[in-house]
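Trainee: Take a look at this one; I'll ask things after.
The values are calculated or read from the model by the stated rules, or taken from the named source; none is laboratory data. Not measured: the values here are computed from a predicted model. We place every Cβ from the backbone using ideal geometry, glycine too, and count neighbours over all the protein chains shown. To get the accessible areas, we keep the full protein, side chains included, count just its heavy atoms, and leave off ligands, DNA and RNA. Shrake-Rupley method; radii C 1.70, N 1.55, O 1.52, S 1.80 Å.
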Amino acid sequence: MTHKSTIAVIGLGNIGTAVTTNLVKGNRSVIIADRTFEKANALAQKLGSLAHPKEISAAIKEAEIIVLAVYFNTIKELFNDYATELQGKIIVDPSNPIAPDEKGGFKKIIDKDQSAGEILSSLLPENAKLAKALGTLGVASLSKAAFQEPEKAVLFYATDDTSINTEIEDLISDNGFEPIRIGGLDQSIRIEVFGEGLIQLHQNKTFTECAWS
Ligand SMILES: NC(=O)c1ccc[n+]([C@@H]2O[C@H](COP(=O)([O-])OP(=O)(O)OC[C@H]3O[C@@H](n4cnc5c(N)ncnc54)[C@H](OP(=O)(O)O)[C@@H]3O)[C@@H](O)[C@H]2O)c1
């Protein structure tokens, strides 16, 4: 059997929990961490022996792929706080650069033409490689559409570094989805919320579960 890279999921809210649960369902081992060890430990107790709770620093050090399942601004903070541990790692960014708009909806918190993926690519820790992935579906769909049969649902990703395509595609496949690379990080805006391309991309692909929820 070929070796698959070790994954850590940092941030165990909606997306981090869904990704971890999918990976365990996909029989993939995963290191998990949040601000408190107790939160990671509680999820590990629920999911069984494939989920390994750690402190954030240890989780990043031990893994090759780090999924930062936290808000865009928190990713920037983590780049800063764990710059040494993140050196040379494959970093996965599922973030949408949005915040509540005080009218019950959401607003984009960066310029209209900017993407979180491109901004984060300019702030990367030394030798780290970035992929925009796992954030193209709302959390309900990310859970519900995983391992769909007979045709798998699609998750799009973007990266500048094609040497990590296999790792990202394995990560997406082991979440129960069909991976499709849409291009480099300059394409991130197409797969972030408010990116016009996302709906279009989904419409061009035949699969039953693609809606945000
Ligand atoms: N929800 C969706 O449907 C959806 C869909 C696509 C993409 N996304 C993106 O996915 C990311 C996560 O969203 P979410 O809905 O999962 O958010 P969430 O439910 O609020 O979860 C965020 C998690 O990050 C943890 N956290 C916050 N600061 C941290 C830090 N410094 N170190 C470690 N963990 C920290 C939080 O811990 P505490 O509990 O201690 O605060 C919480 O567990 C966001 O960038 C969002 O834009 C979300």
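Trainee: Suppose only helical runs count, i.e. DSSP H with n ≥ 4. What mean residue ellipticity at 222 nm does that imply for the chain under -39500 (n - 2.57) per run, divided by all residues and rounded to the nearest 500 deg cm²/dmol?
Mentor: The per-residue figure over the chain is -9000 deg cm²/dmol.
Trainee: Once the Cα atoms of segment 38-128 are picked out, what are the Rg and Dmax in Å?
Mentor: Over segment 38-128's Cα set, Rg and Dmax evaluate to 15.3, 43 Å.
Trainee: Explain nothing, just compute: Karplus ³J(HN,Hα) = 6.51 cos²θ - 1.76 cosθ + 1.60, θ = phi - 60°, for every residue of segment 21-30 in order, whole Hz, x for Gly and Pro.
Mentor: 4, 4, 5, 5, 4, x, 6, 10, 6, 8
Trainee: Another question, if that's okay. Between Glu102 and Arg35, how high is the FRET efficiency from 1/(1 + (r/R0)^6) when r is the Cβ-Cβ distance and R₀ = 25 Å? Nearest 0.05.
Mentor: Efficiency, from the Cβ-Cβ distance: 0.45.
Trainee: Let me ask you something else. Over the chain, with a Gaussian network built from C-alpha contacts below 10 Å, which listed residue (Ile15, Ile182, Ile65) shows the highest mean-square fluctuation?
Mentor: With Cα springs under 10 Å in the chain, the top fluctuation among Ile15, Ile182, Ile65 is at Ile182.
Trainee: I would also like to ask the following. Could you tell me what percent of the accessible area of the chain is made up of carbon and sulfur, with a 1.4 Å probe and every protein chain present?
Mentor: After summing per-atom areas, the C and S share lands at 48 percent.
Trainee: Still on this model: Using θ = phi - 60° and the Karplus relation 6.51 cos²θ - 1.76 cosθ + 1.60, list the HN-Hα couplings for segment 157-173 in order, rounded to whole Hz, with x at every Gly or Pro.
Mentor: With coefficients 6.51, -1.76 and 1.60, one gets 9, 9, 7, 7, 9, 5, 5, 9, 3, 4, 4, 6, 5, 5, 4, 6, 4 Hz.
Trainee: With the other protein chains left in place, how much accessible area per residue, in square angstrom, belongs to the chain at a 1.4 angstrom probe?
Mentor: With the other protein chains kept in place, the chain gives 48 Å² per residue.
Trainee: A follow-up question, please. Return the whole-Å distance between the Cα centroid of segment 41-91 and the Cα centroid of segment 92-110.
Mentor: 22
Trainee: Then there is this: Distance in nm between label sites at Ser173 and Thr6, each 7 Å beyond Cα in the beta-carbon direction?
Mentor: 2.2
Trainee: A further question follows. Quote the convex hull volume per residue of segment 87-195, based on C-alpha atoms, as a whole number of Å³.
Mentor: Convex hull volume per residue, Cα atoms: 106 Å³.
Trainee: Under the Kirkwood approximation for Rh and a Cα-based Rg, what ratio Rg/Rh is obtained for the chain?
Mentor: That ratio equals 0.94.
Trainee: Here's something else I'd like to know. Can you pull out the chymotrypsin sites (Phe, Trp or Tyr not before Pro) in segment 133-166 that DSSP calls coil and that have at most 16 other Cβ atoms within 10 Å?
Mentor: Loop-located and lightly packed - Phe147.
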